[in-house]
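Novice: The structure that follows is given in the form of structure tokens.
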């Protein structure tokens, strides 16, 4: 009888555990107890601008490309309160968060469920930040600490049984004062109460660029499960320094860049002088962020986040219509970084620049290194040679591979002894010629692909 009681208690605990949660060391994400790699896309206007057929196309395509998370906003940026969705519905009655419009949320329901069918998680923003802090944007500001809590409880309760939601507050705004902080904290508490189980709602915060990401405002808040950064849309920004500093903070939290430079975006919003970003720009940030301690990475495309089409005015310059932009080069290269990260034990990986002698080069030539117990990854942003200090991982004899981030191909070199300092020369060098060196214990028989 006692044994049966113990079994029933264990089953209750397992059924009530968080769908998503940090790994035991606090640096990675788990889903149902297994390592989860966040490969995100910023589909900010997904609920607001697309009809169901269009949403199906977008989600199916991103799933086939290896993405795992879609970041989308319920109360959207582009006049999301007063411009109706594809079916003529507004999200709220009289701009009141306490009176949501059921018809609008049926469309949100459909997309969340469709994403789940495609194996995708929704990084769900209950609102864009201009509804809390109108430092710029359309707004209007509609939230206060009281109604933010009510809205949080309502939306948390509505989606408490959805198994594919990670919550994202903030919406591209930094809190400006104590009232803003109270609003976001009230919304977070409401979501947790609505979901109905402490720790079940995994919540992060999407800020504007700053030094510490979400943790600049909420690091000591228990509800902050993941530390998210935004680093704007410029080239040659040493994001890896911020990621690594966040990785070092205690208590440990998973960290990632939730809005890096987008593909096909005006660089630093200055298209005339700097042009638009390309696949190499977005690829470079992905590997540098991950190798400096990020638990995952978000890709973005300037044409996709706004779902630019003939029916909508282009924001910040001319664009490619979104269905065509789905197949941009950088988007199709993101699956390679996921496959690399998942090819070796993810949750034991740590950033370690002491592995390479050339460990302090600028962004354009950066050599970034990370390792597990019995493997090493070294990213060379421009294919420059580098020297690895051996003997820091397990294994007397190591396999040597070159991984090509542009096409995912892998070539094998002769095995080496895990001793001394060894100089490695990537297969090619120059702008856009980035490479990853893989060294792993030859007895483990890891499969890269």
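Each reported figure results from applying straightforward, stated rules to the coordinates on display, with no laboratory input. Note that the structure is a prediction, hence the values are computed from the model and not measured. Because the Cβ atoms are built from the backbone with ideal geometry, glycine has one as well, and the counts that use them run over all protein chains shown.
Novice: Quick one: order 158, 371 by neighbouring beta-carbon count within 10 Å, fewest to most.
Specialist: Least to most surrounded, the residues fall as 158, 371.
Novice: Separate question: So for segment 232-290, averaging the separation of alpha carbon pairs under 8 Å that are six or more residues apart and normalising by length, what relative contact order in percent results?
Specialist: It rounds to 39 percent for segment 232-290.
Novice: Oh, and also: Please give the helix 102-117 orientation as an angle from the longest Cα principal axis of the chain, in degrees from 0 to 90, rounded to the nearest 10.
Specialist: Roughly 20 degrees between the two axes.
Novice: Need one word for segment 26-342: rounded, prolate or oblate. Basis is the Cα gyration tensor (sqrt eigenvalues a ≥ b ≥ c); a/c below 1.5 gives rounded, then a/b vs b/c decides.
Specialist: Here segment 26-342 falls in the rounded category.
Novice: Ok, one more. Residues of segment 124-153 with backbone nitrogen within less than 11 Å of a virtual label 7 Å along the Cα-to-Cβ line of residue 193, please, listed as ranges.
Specialist: 146-153
Novice: Something else about it: So in segment 26-342, what percent of DSSP beta bridges are antiparallel if you round to the nearest 5?
Specialist: 20 percent
Novice: At 0.36 nm per residue, and after removing the present C-alpha to C-alpha distance, how many nm does the segment from residue 357 to residue 146 gain when stretched out fully?
Specialist: Working it through step by step, the gained length comes to 70.5 nm.
Novice: Next question, about the same structure. Would you calculate, for the chain, the mean residue ellipticity at 222 nm contributed by helices, counting each DSSP H stretch of 4 or more residues as -39,500 (n - 2.57) and dividing by all residues, to the nearest 500?
Specialist: -9000 deg cm²/dmol
Novice: Next question. Taking the highest mean first, how do the peptides 220-232, 341-353, 414-426 order by number of other beta carbon atoms within 10 angstrom per residue?
Specialist: 220-232, 341-353, 414-426
Novice: Using a Gaussian network model on the chain with a 10 Å cutoff between Cα atoms, which of 311, 303, 172 fluctuates the most?
Specialist: For the chain, modelled as a Gaussian network with Cα springs under 10 Å, the answer is 311.
Novice: Given 0.36 nm per residue, what is the gain on full extension from residue 409 to residue 113 after removing their alpha carbon distance, in nm?
Specialist: 103.1 nm
Novice: For Cα pairs less than 8 Å apart in space and 6+ apart in sequence, what is the mean separation divided by the residue count of segment 350-441, i.e. the relative contact order in percent?
Specialist: 33 percent
Novice: So, in nm, how far is label residue 417 from label residue 179 when the simple model puts each one 7 Å beyond its Cα toward the Cβ?
Specialist: Those two pseudo-labels are separated by 7.1 nm.
Novice: For residue 445 and residue 396 in one chain, what is 0.36 nm times their gap in residues minus the Cα-Cα distance, to one decimal in nm?
Specialist: So the chain would gain 16.3 nm between residue 445 and residue 396.
Novice: Build a GNM of the chain with springs between Cα atoms under 10 Å: which of 111, 168, 203 gets the top mean-square fluctuation?
Specialist: In this elastic network of the chain, the residue with the biggest mean-square fluctuation among 111, 168, 203 is 111.
Novice: Rounded, prolate or oblate, given the Cα gyration tensor of segment 293-354, with a/c below 1.5 counting as rounded?
Specialist: Verdict is prolate for segment 293-354.
Novice: Sticking with this one: Going 7 Å from the Cα of residue 96 toward and past its Cβ, which residues in segment 121-144 have a backbone nitrogen under 18 Å from where you end up?
Specialist: 140-144
Novice: Report the calculated FRET efficiency for residue 106 and residue 134 (r = Cβ-Cβ distance, R0 = 22 Å), to the nearest 0.05.
Specialist: 0.15
Novice: Additional query: Taking only C-alpha pairs under 8 Å that are 6+ residues apart, what is the relative contact order of the chain in percent?
Specialist: 12 percent
Novice: Among 171, 293, 372, which one shows the highest mean-square fluctuation when the chain is modelled as a Gaussian network with alpha-carbon springs under 10 Å?
Specialist: Checking each option, the largest mean-square fluctuation is seen for 372.
Novice: Further question: What shape does segment 397-449 take by its C-alpha gyration tensor, where a ≥ b ≥ c are the square roots of the eigenvalues and a/c under 1.5 counts as rounded, a/b above b/c as prolate, and the rest as oblate?
Specialist: Oblate.
Novice: So if I take the centroid of the Cα atoms in segment 265-339 and the same for segment 171-192, what is the distance between those two points in Å?
Specialist: 28 Å
Novice: Label residue 157 and residue 342 with points 7 Å out from Cα along Cα→Cβ: what is the distance between them in nm?
Specialist: Between residue 157 and residue 342, the simple spin-label model gives 3.7 nm.
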